Amino acid sequence: MKSIRISETIEKAESRTCYENSVGYNVAVVIPRKPVGGVKRTIDKLIKGLNLEGFCVKPLEYSGKTLLNTTFSDIRNVCVLRGFDAVIYTRSIPLFSHVFIHNYVKTILFIHGFVKDELLNVILRDNLKGKIGATYLLTLWNFSKSLNKIDLYICRSPTSCEVNMVKGDYIILPEFVFEEEVRGFEEFVRDYRKMHNGETSDTSVRVVTYTSYASSPRLLEAQHVERLMKIVSKYIDKKIELVIIDPKRECRAFKLAENVVVRYLKPLLKKKFHELILNSDLYIELNIDEELRNSTIEAGLLETPIAKLTHPKFKDRKDYPDEVLINGYSFEDLAMKLVLYLNEYLKDENHRLVYTRKFKNFIAKCRTWDSVKKPLIEFLKS
């Protein structure tokens, strides 16, 4: 759905008109400044899911070029936000308006990642403009926490709520896909393989991973993956091509070890990314907590096995069994499991199918919109 510039659509928002199939419940999805990457996909999917449930959803995107402009626009439009039944703030930190609408509507905050850690990393590493912006957001985050005016928090995982010190009511809404997406991936895989039947290469093993715009302690960094594959390369006979999609680095390629070549790429168009995954032997999830990112779910639905390092303290929080992916609980543990997998896969490709089938079954059972939506829908309708 096309985002609405709130400053241009006050009259439409106040009219509270709904779609014909609406349950008569109006939800504002507040999008302060243009989102990118995984956050953008999360917001798009949230809007689509709520629309499917019959809610009248208004995406309200603030177009201010600076945080100060965004703040002023937000405060000016408090009356507009009070006209909804619920307001969902989508960028981890609620704007000032939540203080003034709390007694009128349900206020909801969608948290992505480890907010305080990521802002502190920006303050330490970014340029002056970035440091000022992150300091302002950190102040706003602490301010909102002290006032406790949020009715419901949405977290991606229990660890996210814990690290962000969420003390009020919360629900878990993990990464999900729609059933039509699952069918779409199945068709994409089938059609692609039909067109490229017999086009296989046994000269190297391709491993892919996708980094993030955010710098967070919950994510392995690119150098960790390089080190991991350097270890693995000592125990397998084939060459390894490590592809790292990184929005913060320039495209380049270099030789990491005798039989390891690393290629850094900028984010690809969706079709190109899916084709790359289909032509890969392994995808590495960078989260070390229990969460799975959207790109990882897509890779699994494209029938590429997933590897993941999970910190031991998050082991019991996983909602997926170990056998759906190659899961290690220490760096050395994961390296040895990858050696075992790659050596067996190189002998028998059916070994690969063991992981892909189980992962797809898990997604179909536990990570579709219909599987995860209940707590949010019940809160909105209560």
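The table that follows gives values for the structure above.
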quantity	calculated
Some residue of region 100-119 being among the charged types (D, E, K, R) and touching a strand residue (DSSP E or B) at 6+ places or on another chain (Cβ under 8 Å)	yes
Complete set of residues in region 156-175 that are buried (at least 20 other Cβ atoms within 10 Å of the Cβ), more than 14 Å from Phe314 (Cβ to Cβ) and hydrophobic (A, V, I, L, M, F, W, C)	Leu173
Criterion violated by Leu269 - all others in (1) among the aliphatic types (A, V, I, L, M); (2) within 25 Å of Met195 (Cα to Cα); (3) in contact (Cβ under 8 Å) with a residue 24 or more places away in the chain satisfied	(3)
Selection status of Leu152, in contact (Cβ under 8 Å) with a residue 24 or more places away in the chain, touching a Phe, Trp or Tyr at 6+ places or on another chain (Cβ under 7 Å) and under 30 Å from Ile377 (Cβ atoms)	yes
Hits in region 334-359 - residues which are more than 16 Å from Thr296 (Cα to Cα) and touching a Leu at 6+ places or on another chain (Cβ under 8 Å)	Leu334, Ala335, Leu338, Tyr341, Leu342
Considering residues of region 38-75 that are farther than 28 Å from Lys381 by Cα and in contact with a helix residue (DSSP H, G or I) (Cβ under 9 Å, 6 or more places away or on another chain) only, the residue modelled with the lowest pLDDT	Gly64
Residue count, region 342-367 (criterion: without any contact (Cβ under 8 Å) to a residue 40 or more places away in the chain and touching a strand residue (DSSP E or B) at 6+ places or on another chain (Cβ under 7 Å))	0
Check on Leu276, closer than 21 Å to Thr356 by Cα, in contact with a strand residue (DSSP E or B) (Cβ under 8 Å, 6 or more places away or on another chain) and assigned to a strand (DSSP E or B)	no
Flag for Ser144 being farther than 30 Å from Lys270 by Cα and small (Gly, Ala, Ser)	yes
Helices (runs of 4 or more DSSP H) contained entirely in region 287-382, each with at least 2 residues that are out of contact with any Lys or Arg (no Cβ under 8 Å at 6 or more places or on another chain) and small (Gly, Ala, Ser)	294-301
Verdict on Ala13 being among the small types (Gly, Ala, Ser), at pLDDT 95 or above and more than 19 Å from Phe176 (Cα to Cα)	no
Count of residues meeting criterion [touching a residue at least 60 places away in the same chain (Cβ under 8 Å) and either outside any helix (DSSP H, G or I) or not assigned by TED's automatic domain parsing to the domain that holds Glu290 (or both)] in region 222-252	5
Boolean, Leu282 is in the same structural domain as Arg357 (by TED's automatic domain parsing), touching a helix residue (DSSP H, G or I) at 6+ places or on another chain (Cβ under 9 Å) and not β-branched (Val, Ile, Thr)	yes
Verdict on Tyr345 being over 26 Å from the mean Cα position of the chain (by Cα) and surrounded by 18 or more Cβ atoms within 10 Å (Cβ to Cβ)	yes
Region 288-308 - residue that is among the aliphatic types (A, V, I, L, M) and touching an Asp or Glu at 6+ places or on another chain (Cβ under 8 Å) and, of those, nearest to Ile111 (Cα to Cα)	Leu292
Selection from region 82-105 of residues that are surrounded by fewer than 19 Cβ atoms within 10 Å (Cβ to Cβ) and outside any loop (DSSP other than H, G, I, E, B)	Val99, Phe100
Tally, over region 109-151, of residues that are under 23 Å from Glu290 (Cα atoms), crowded, with 20+ Cβ neighbours inside 10 Å and not aromatic (Phe, Trp, Tyr)	7
Subset tally (residues that are surrounded by fewer than 18 Cβ atoms within 10 Å (Cβ to Cβ) and under 17 Å from Ser280 (Cα atoms)) for region 238-252	2
Scope region 253-267; condition in contact with a helix residue (DSSP H, G or I) (Cβ under 9 Å, 6 or more places away or on another chain) and surrounded by 14 or more Cβ atoms within 10 Å (Cβ to Cβ); matching residues	Leu256, Ala257, Asn259, Val260, Val262, Tyr264, Leu265, Pro267
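The values are calculated or read from the model by the stated rules, or taken from the named source; none is laboratory data. Keep in mind that this is a model prediction, so the values were computed, not measured. FYI the Cβ positions are ideal-geometry reconstructions off the backbone, even for glycines, and counts take in every protein chain you see.
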